[in-house]
Amino acid sequence: MPAVTTLRLRVFTDDDVDPAGRLLALRHAAHRRREPLRDPGCEVQAVAAAAVRAAWCRDGASGAVAVRGGETVGYLVGAPKADPVWGDNVWVDSAGHAVAPGAAEVARDLYGYAAQRWADEGRTAHYVLLPAGGDGGPAAGGADALVDAWFRLAFGLQHVHAVREPLPAAPAPRPSLVVRPAERADVPALGAIDVALPAHQARSPVLSGAAVPTVEEQTTDWEDTFGDPRFPTWVAQVPGPDGAPQVVGAAVGCALTESRTHEGLALLPDAGFLGFAAVLPGARGLGAGRALGEQVLAWSGEAGYACCVTDWRATNLLSSRAWPRLGFRDTFWRLHRTVGH
Ligand SMILES: CC(C)(COP(=O)(O)OP(=O)(O)OC[C@H]1O[C@@H](n2cnc3c(N)ncnc32)[C@H](O)[C@@H]1OP(=O)(O)O)[C@@H](O)C(=O)NCCC(=O)NCCS
């Protein structure tokens, strides 16, 4: 007879959805104690179980369950995403993983069990979304135990989701900087500013593989879509060399439900979204990004949202410094590992 403390691992099945929901509800409650803007609904086991079921029902989903003494103490469910930018991938989304309190080390057993199949399927790019700061309690050395467990599986921080309260009003920007709603005449400038983000992220240290469109392509796109009320847009302008106003940056707000990046538990209810912001290279670091971000925060409040969400690449040296300065607090961390090397 094995001791009751023996950890047993097996494949995830339909019968595991409810026990997994119990663990996810506990994880979410711990997460919400750190970030009260999170949705209290997911602390209800049935709601959390529905989120697990949604993760489990994705095409190609597979995963693992850890059981000790008859109790489910952890689960891990991943599924591939079709977008080629992620490579031959498997994603563990916001509802795809939880461990019992104090059982963070089990995450390593779960991954060890599940990832064999993923590697055998040729899926070499692995992504996992964890509550920022994790929920496993403190680990040796001060790091969070769950994040620490994934760090010891060769995962590193790729992407950050964050939230903050809306602003009651946008503070006045520095003199000579104007933030105003975009007009159709701004479309050529919007096309150029749109390219500034992927162009920046294609370079080191982000080194994203996402395609960098041309200014012409993005200008045409803005011509076709300009004025869509779902995506209010603002521009920042400063005096150009000839003294005439020159548009140097732009930001777009929208409902968080418009974003494909925020799914499952990462999709906060009643949230606005800072969906895009960029400043042309020569005008960065001078306050335009702050003024644009604050404009979207004020719009979120005017539009009646309870909070405003954004996200950024951890390796983007500009946004990863600018958005926390505007008061955004980390909610989820996307960790990433490429296997085979
Ligand atoms: C991110 C971006 C929009 C910020 O705009 P910006 O005009 O450069 O930023 P600001 O000058 O308004 O600075 C905003 C805050 O970040 C801080 N900051 C900016 N650059 C920084 C740096 N290199 N190091 C430390 N802090 C920095 C500023 O001090 C400021 O905080 P403060 O007002 O409390 O002092 C801009 O840098 C950009 O377009 N980057 C490339 C595209 C991009 O990454 N877009 C965002 C995608 S998520």
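The values are calculated or read from the model by the stated rules, or taken from the named source; none is laboratory data. What you see is a predicted model; the values in this text were computed from it and never measured. Every residue, glycine as well, gets a Cβ built from its backbone with ideal geometry; the counts of neighbours run over all protein chains shown. Ligands, DNA and RNA are excluded from the accessible area calculation, which covers all protein heavy atoms including side chains. Shrake-Rupley method; radii C 1.70, N 1.55, O 1.52, S 1.80 Å.
Over all pairs of different C-alpha atoms, the stretch 7-153 has a mean inverse distance whose reciprocal, the Kirkwood radius, equals 15.2 Å.
Using Cα pairs under 8 angstrom and six or more residues apart, how large is the relative contact order of the chain, in percent? Don't jump to the answer; show the numbers that get you there.
On the way: 677 pairs, mean separation 66.1, N = 341.
About 19 percent, as a whole number.
Over the stretch 230-286, give the accessible area per residue in Å² for a 1.4 Å probe, as an integer.
Values: 2520 Å² over 57 residues.
So the stretch 230-286 comes to 44 Å² accessible per residue, rounded to a whole number.
Peptides 76-87, 5-16, 177-188, ordered by how many other C-beta atoms sit within 10 Å of their residues on average, highest first, read 76-87, 177-188, 5-16. The distance between label points at D18 and F226 comes to 5.7 nm (points 7 Å beyond Cα on the Cα→Cβ vector).
Give me the percent of the accessible area of the chain that comes from carbon and sulfur atoms, probe 1.4 Å, all protein chains in place. Intermediate values should be presented prior to the final figure.
On the way: 8750 of 15600 Å².
With neighbouring chains kept in place, the figure for the chain is 56 percent.
Send over a whole-number figure in Å² for the accessible area per residue of the stretch 1-114, probe 1.4 Å.
Result: 45 Å² of accessible area for each residue.
Ordering of 90-99, 242-251 by packing is 90-99, 242-251, highest average first (other Cβ atoms within 10 Å, averaged per residue).
Rounded to the nearest 10 degrees, the angle from helix 187-202 to the longest Cα principal axis of the chain is 40 degrees.
Listed peptides 57-64, 272-279 appear in the order 272-279, 57-64 once ranked by packing, highest mean of other Cβ atoms within 10 Å at the front. Helix 17-34 and the longest principal axis of the Cα set of the chain meet at an angle near 50°.
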